[in-house]
Amino acid sequence: MLRSPIKHCRNCGAAVVYRVPDDGDTRERAVCPACDTIHYENPLNVVGTVPHWGDRVLLCKRNIEPRWGKWTLPAGFMELGESTAEGAARETVEEAGAHIAMEDLFTVLSVPRVGQVHLFYRARLLSDHFAPGHETIEAQLFTESEIPWDEIAFRTVRETLLCYFADRRAGRFEVHSLVIT
Ligand SMILES: [Zn+2]
């Protein structure tokens, strides 16, 4: 599901109306009838990592909804003022308490159904000791055959893991651009 509709103007607090602005735009926007502010809504970025240690990858068991108790790669919404790589590194520290060296961008996944773009970087773990934050029940390393495929929280994480192990077998990592429908 996409975000819930905007109800009030961020500038003056008046109730907004959804209509096509008179400036040549072709989409309906939340327009304020009092101060004419147009509220544009655009996709959000989710940034994360594929932390690896030898032939194993680090997954986090979610302690938050949605998908409580399911496994995910460390990832979260990008914050204002940070780069995609900085956000991915921050989420990895916050969720897994992992020490990492950031590597290259690995997957770019558009999820138009929910208005999001997910970006995952490969990251080399510098230690196999983890200190999960409050959003994580436990952080654990998995080989490809140990991955709990039926318990993965999100399609973007599943696709990224599939790409990772396929590239690892091929001995060459590329950037993968995917659309999750
Ligand atoms: Zn207004």
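Throughout, read-outs are computed from the coordinates displayed, never taken from laboratory work. Since we're looking at a predicted model, the values are computed, not measured. Positions of Cβ are backbone-derived with ideal geometry, glycine not excepted, and every protein chain shown enters the neighbour counts.
Quick notes on this structure:
- Rounded, prolate or oblate (a/c below 1.5 giving rounded, otherwise prolate when a/b exceeds b/c) for the stretch 42-85 by Cα gyration tensor: oblate
- Restriction of the chymotrypsin sites (Phe, Trp or Tyr not before Pro) in the stretch 59-164 to DSSP coil positions whose beta-carbon has at most 11 other beta-carbons within 10 angstrom yields Trp68.
- Placing dummy labels 7 Å off each Cα toward the beta-carbon, the span from Ile38 to Ala131 is 4.9 nm.
- When the chain is treated as a Gaussian network with alpha carbon springs shorter than 10 Å, the biggest mean-square fluctuation among Ala101, Ala85, Ala123 belongs to Ala101.
- Expected 222 nm ellipticity per residue - DSSP helices of 4 or more, -39500 (n - 2.57), all of the chain, to 500: -5000 deg cm²/dmol
- Counting DSSP beta bridges with both ends in the stretch 34-134, the antiparallel % (nearest 5): 65 percent
- Label sites at Asn45 and Ala101, each approximated as a point 7 angstrom past Cα along Cα to Cβ, lie 2.4 nm apart.
- Descending principal axes extents, the stretch 94-181, alpha-carbon based, whole Å: 35, 32, 25
- Beta bridges per DSSP with both ends in the stretch 94-181, % antiparallel, nearest 5: 70 percent
- Overall form of the stretch 60-122 per C-alpha gyration tensor (a/c, 1.5; a/b vs b/c): oblate
- Amide proton proximity set for Val16, modelled H, under 5 Å, gap of 5+: His8, Cys9
- Rounded to the nearest 20, the Cβ-based charge dipole of the stretch 1-155 about its Cα centre (Lys and Arg +1, Asp and Glu -1) stands at 440 debye.
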